[in-house]
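The values are calculated or read from the model by the stated rules, or taken from the named source; none is laboratory data. All of these numbers come straight from a predicted model, not from anything done at the bench. Quick reminder, even Gly has a Cβ in these numbers, built from the backbone with ideal geometry, and neighbours come from all protein chains shown.
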């Protein structure tokens, strides 16, 4: 079996499923079911919305299993198999040379450490100087060990842990809009593309969970003013994970977070005139503070620092255009790294992230399913814009701080992803952190419209 790790480097494909996956998956699923059922039954007495807990968890575990199978039998390998192979190799190093293992796990990326890998351990697939990929591989190592180095079980265990962040996101919305419990469960726990691409051994599984933890504890720490040590640590850890894996997600969160905090103060102002006057100032201040904070973090953000991010977007866009993606490429047009050049593509970038691929752009079953989902989101967006008109649409958003934060994060994030991505294969995976926020906000706006005008919308 270990010889196959080396063959992977020459053949480009590796069958990593084994008989142990078939034997262990049912056992682990049964254990997880009993634990999650116990948690649900214990909490559901006082918190009825916990009836969604086990259903949401097993939807996510199903997504993890499906992702593993797709990357094993439909796609010729990919990041999820590469993370498993790399993490397995690092975990086996613990039995060959524990000192080297500790150096790797504590963040040492010295090139000479790669020479310690051999047939007894297997080799990491990623380039050893790819810090973000190796960082994620380190995070997956404990799950490889607990799964006895089985592919699907490793994905199930990671998804189980990362479900905690998705569940926190559901709780955040549900606590403010309990009457929309069913809709919010759908938008946070059961959106097909998020369930599929937000599970398994991928960066996106971890970052999606980190965003959920960040939003939930930012609300309780800064908005509700429950200054607990646990909330502070959750904000710091989730921020560190985002910066360590995908800094642009953190980049999109900061301005919206500051405006969220400012807007919570604004909604308490009784005078409509004062609110109307103060709102632009609060938003401008929030964006300004966000830019200032990100500017102070230039060394930490690296190529995603605010003075380099436009160059990075142009570079990423050009790199993906030059690659082959089996007919799944799209193009929002060329642009330069100037502010005006980037801003000229705002509408195209946001539209691409939130609503593409369209159904007629789907070239395979995975893209077609994403197209169906995007069609529903597009129709709901257009219906709300038509019914509310543009002015009322944005007024309703501004009246609820959580919805304002969610929309700002979704739009900032959609802009950055759409700007730097030129193929649907990457797009459907990269956009998932913003989709629960965006769709949840649409459901809330739909509810507010129906409540205000006493009319039911069809969708």
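For the reader, a short list of remarks on this structure follows.
- For the stretch 419-432, a residue qualifies if it is in a helix (DSSP H, G or I) and more than 15 Å from the chain's Cα centre (by Cα), and the qualifying residues are 419, 420, 424, 425.
- Selection within the stretch 51-63 - crowded, with 16+ Cβ neighbours inside 10 Å and in contact with a helix residue (DSSP H, G or I) (Cβ under 7 Å, 6 or more places away or on another chain): 52, 53, 54, 56, 57, 59, 60, 61, 63
- Selection count where residues are at pLDDT 90 or above and touching a helix residue (DSSP H, G or I) at 6+ places or on another chain (Cβ under 6 Å), scope the stretch 126-137: 3
- Of all the listed residues (107, 122), the sole one being at pLDDT below 90 and surrounded by 24 or more Cβ atoms within 10 Å (Cβ to Cβ) is 122.
- Condition met for residue 221 (free of Cβ contacts under 8 Å to residues at least 40 places away in the same chain and touching a helix residue (DSSP H, G or I) at 6+ places or on another chain (Cβ under 7 Å)): yes
- Note on the stretch 170-201: residues that are within 16 Å of residue 63 (Cβ to Cβ) and in a helix (DSSP H, G or I) amount to 12.
- Residue identified as closer than 22 Å to residue 186 by Cβ, part of a helix (DSSP H, G or I) and at pLDDT 85 or above among 403, 366: 403
- Residue match in the stretch 312-323 (condition: more than 24 Å from the chain's Cα centre (by Cα), in a helix (DSSP H, G or I), modelled with pLDDT under 65 and surrounded by fewer than 18 Cβ atoms within 10 Å (Cβ to Cβ)): yes
- Sole residue being in contact with a helix residue (DSSP H, G or I) (Cβ under 8 Å, 6 or more places away or on another chain), assigned to a helix (DSSP H, G or I) and modelled with pLDDT under 90, chosen from 83, 163, 71: 71
- Residue match in the stretch 29-50 (condition: surrounded by fewer than 17 Cβ atoms within 10 Å (Cβ to Cβ), at pLDDT below 95 and within 18 Å of residue 149 (Cβ to Cβ)): no
The rows are residues; the columns are (1) crowded, with 21+ Cβ neighbours inside 10 Å; (2) at pLDDT 90 or above; (3) part of a helix (DSSP H, G or I).
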{"site": "227", "(1), (2), (3)": "no, no, no"}
{"site": "230", "(1), (2), (3)": "no, yes, yes"}
{"site": "236", "(1), (2), (3)": "no, yes, yes"}
{"site": "240", "(1), (2), (3)": "no, yes, yes"}
{"site": "251", "(1), (2), (3)": "yes, no, yes"}
{"site": "254", "(1), (2), (3)": "yes, no, yes"}
{"site": "258", "(1), (2), (3)": "yes, no, yes"}
{"site": "263", "(1), (2), (3)": "yes, no, yes"}
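Okay, residues lined up against (1) modelled with pLDDT of 90 or more; (2) more than 21 Å from residue 176 (Cβ to Cβ):
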{"residue": "375", "(1), (2)": "yes, yes"}
{"residue": "415", "(1), (2)": "no, yes"}
{"residue": "438", "(1), (2)": "yes, no"}
{"residue": "457", "(1), (2)": "no, no"}
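- Of all the listed residues (201, 208), the sole one being closer than 17 Å to residue 405 by Cα, under 16 Å from the mean Cα position of the chain (by Cα), in contact (Cβ under 8 Å) with a residue 24 or more places away in the chain and crowded, with 16+ Cβ neighbours inside 10 Å is 208.
- Members of the stretch 102-114 that are in contact with a helix residue (DSSP H, G or I) (Cβ under 7 Å, 6 or more places away or on another chain) and more than 14 Å from residue 140 (Cα to Cα): 103, 109, 113
- Scanning the stretch 148-160 for residues being buried (at least 24 other Cβ atoms within 10 Å of the Cβ) and outside any helix (DSSP H, G or I) gives a total of 1.
- Unique match (being modelled with pLDDT of 90 or more and either crowded, with 24+ Cβ neighbours inside 10 Å or within 22 Å of the chain's Cα centre (by Cα) (or both)) among 102, 186, 180: 186
- Residue under evaluation residue 16, criteria (1) modelled with pLDDT under 90; (2) touching a helix residue (DSSP H, G or I) at 6+ places or on another chain (Cβ under 9 Å); (3) farther than 17 Å from residue 140 by Cβ, criterion not met: (3)
- Considering the conditions (1) modelled with pLDDT of 85 or more; (2) within 27 Å of residue 56 (Cβ to Cβ); (3) crowded, with 20+ Cβ neighbours inside 10 Å, residue 425 is excluded by exactly one of them, (1).
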